[in-house]
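Structure first, commentary second.
The values are calculated or read from the model by the stated rules, or taken from the named source; none is laboratory data. A quick note: this is a predicted structure, and the numbers were derived from the prediction, not measured. FYI the Cβ positions are ideal-geometry reconstructions off the backbone, even for glycines, and counts take in every protein chain you see.
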Amino acid sequence: MSTPVRRLLAVAIALLAMLSGGIAFSTAVSAAPYSDQPTLAASTQNPTGGGAFTVVGSGFLPGESVDLVLHSDPYSLGTVRADSTGQFSDVVDLPASFSGAHTITATGEISGRVASISITIGSSTGTVAAGGNSGGGGLPNTGAAVIGISSLGVMFLLVGALALVVGRRRARI
């Protein structure tokens, strides 16, 4: 094979490798999309009537006022302001007359975003078992799909190896 044909073949292979790398980047990624849904958690899911516990939320607009409401018989637990990252933490006091299963909702006054958590309020005279934290949906989805980046790296390695082989063969002739 003559030198110009080899060069043309090397360029064609390099272009084909770049094209396949471009296709790898243009295909759909199977990673889950980032979710900006708000979350709500409590320091305990089994507070005592008349007691206090901490409510933590995230996913609201920065600086937004967030209304906290205890549901089944709507009772306002107050309003808290989200910080610059859209998160808040507030200690809330429960009325002594409430007991049983309830839901706390956090509603952003501007965004209208709503997060909720279920709690069971125990009697203020009985013993209450401690509960664990409850998130609003697990860990957030972060990061990037690396298959496209990896295929691009492999493509560059192959093009470099091909150029090295063609260069060495040309030097022997």
Going through region 55-91 in order, the residues found to be assigned to a loop (DSSP other than H, G, I, E, B) and either over 13 Å from His102 (Cβ atoms) or touching a Leu at 6+ places or on another chain (Cβ under 6 Å) (or both) are Gly59, Phe60, Leu61, Pro62, Gly63, Glu64, Ala82, Asp83, Ser84, Thr85, Gly86, Gln87
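Let's see how each residue does on (1) within 21 Å of the chain's Cα centre (by Cα); (2) modelled with pLDDT under 75; (3) not hydroxyl-bearing (Ser, Thr, Tyr):
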{"position": "Gly78", "(1), (2), (3)": "no, no, yes"}
{"position": "Thr85", "(1), (2), (3)": "yes, no, no"}
{"position": "Ser97", "(1), (2), (3)": "no, no, no"}
{"position": "Gly112", "(1), (2), (3)": "yes, no, yes"}
{"position": "Ile117", "(1), (2), (3)": "yes, no, yes"}
{"position": "Gly135", "(1), (2), (3)": "yes, yes, yes"}
{"position": "Met155", "(1), (2), (3)": "no, no, yes"}
{"position": "Val159", "(1), (2), (3)": "no, no, yes"}
{"position": "Leu162", "(1), (2), (3)": "no, no, yes"}
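Does Ser150 satisfy the criteria of being at negative phi, of a type outside the set (A, V, I, L, M, F, W, C) and at pLDDT 85 or above?
Considered against the rule, which asks whether it is at negative phi, of a type outside the set (A, V, I, L, M, F, W, C) and at pLDDT 85 or above, Ser150 comes out as no.
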Quick count over region 24-49, residues being at pLDDT below 90, surrounded by 11 or more Cβ atoms within 10 Å (Cβ to Cβ) and of a type outside the set (S, T, N, Q), is 6
Selection over region 99-110 where residues are part of a strand (DSSP E or B) and over 31 Å from the mean Cα position of the chain (by Cα) yields a count of 1
